[in-house]
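Some notes on the structure that comes next.
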Amino acid sequence: MEAALVWGLSLLALSLLLIVVEVFLPSGGLIALISAGSGITGLVFLYRHDPVWGGIGTLVMLVAAPCVIAFAFRVWPDTAIGRRMIHGTSDLDEIQERETADARAKAEWESLVGAEGVAFTELHPSGTVKLGETRYDAVTDGPFIEKGSRIRVVSVEMSVVKVRRA
C-alpha cells in the first residue's frame, strides 16, 4: 500500500475516534476541530492517491460521521460527565432518589384530581382553594368562582390546580 492511502485511511479513522472522544471529554470544541481537520486531511490524502479512493472516503465519512455522532450522544447521558451535566451529579443513587421524589410529588399532585373543597378566596380567575385542611393556589377552568363556593379539581398541570364549581 502506498503511504498516501495509509495516511488517508488512518486520518479518517482518527477523525471518527476524535468525535467520540469529544463527547466523553468535552473540550469546548477543540477536539472536534482537530477531528474535522484530521478528516479533511485524510480525504485530501485519499484524493491525491486516487480519486476513486477519495470518493469512497467521502461517502464513508458522510455515512459514518453522523452514525458515530448519534451513537456517542446516545451513550453520553450514561457517562459521568453526562449525568453531571443533566442531573447536576454523577452519583447514580442520588439521581435515583431525586427521580423517585419527583415521581412521588407528581403522583401527589395528580391525586388531587377529582377532590372537592371550598374556594378560600374569590377566583378571578386565580385564587386559593382549600382541599381538606390544605390550601392550594388554583385557577378556575370556567367562570369566576365566589369565596365559599364548593369546587372540584378538574386537572393539575405542572403544579397548577385547575378547578370548577362542584
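For the Cα atoms of the chain, what angle does the longest principal axis make with the long axis of helix 30-49, in degrees from 0 to 90, nearest 10?
40 degrees
When the Karplus curve 6.51 cos²θ - 1.76 cosθ + 1.60 is applied with θ = phi - 60°, which whole-Hz ³J(HN,Hα) does each residue of region 116-131 get, with x for Gly and Pro?
Once θ is set to phi - 60°, the couplings for region 116-131 become 10, x, 10, 6, 6, 10, 5, 10, 10, x, 10, x, 10, 10, 10, 10 Hz.
Give the accessible surface of region 28-124 per residue, rounded to a whole number of Å², with probe radius 1.4 Å and ligands, DNA and RNA excluded. Walk me through the numbers on the way to the answer.
Details: 6420 Å² over 97 residues.
Ligands and nucleic acids excluded, the result is 66 Å² per residue.
Roughly speaking, what is the stretch gain from Arg165 to Val52, that is 0.36 nm per residue apart minus the C-alpha to C-alpha distance, in nm to one decimal? All intermediate terms of the calculation are to be shown ahead of the outcome.
Numbers: separation 113, 0.36 × 113 = 40.68 nm, distance 7.54 nm.
Computed gain between Arg165 and Val52 is 33.1 nm.
Let me check against my output: what whole-number percent is the relative contact order of the chain, with C-alpha pairs under 8 Å and at least 6 apart?
It rounds to 14 percent for the chain.
Say the dipole of the chain comes from +1 at the beta carbon of Lys and Arg and -1 at that of Asp and Glu; which of Tyr136, Val44, Met61 then lies farthest toward its positive end?
With unit charges placed on the Cβ atoms, the residue in question is Tyr136.
Work out the P(r) tail for region 32-149: percent of alpha carbon pairs separated by more than 23 Å, whole number.
64 percent
Can you tell me which lysines have their Cα less than 16 Å from the Cα of Lys147? Leave out same-chain residues fewer than eight positions away.
Those lysines meeting the cut-off are Lys130, Lys162.
Which percent of the accessible area of region 21-166 is formed by carbon and sulfur heavy atoms (probe 1.4 angstrom)?
61 percent
Quick one: which residues, 5+ away or cross-chain, put their amide H under 5 Å from the amide H of Ala138? H built at 1.01 Å from N.
Answer set, sorted by chain and number: Gly127, Thr128, Val129.
Just report the Cα centroid separation between region 1-79 and region 112-130, whole Å.
Distance between centres, Cα-based: 60 Å.
Provide the solvent-accessible area of Val154, counting protein heavy atoms only and rolling a 1.4 Å probe, rounded to the nearest 10 Å².
50 Å²
Once the Cα atoms of helix 3-24 and of the chain are each reduced to a long axis, what angle between those two axes, in degrees from 0 to 90 to the nearest 10, is obtained?
20 degrees
The values are calculated or read from the model by the stated rules, or taken from the named source; none is laboratory data. Quantities reported herein were computed from a predicted structural model and do not represent experimental measurements. With ideal geometry, Cβ positions are generated from the backbone for all residues, glycine too; neighbour counts draw on all protein chains shown. Just the protein is used for accessible areas: all its heavy atoms, side chains included, with ligands, DNA and RNA removed. Shrake-Rupley method; radii C 1.70, N 1.55, O 1.52, S 1.80 Å.
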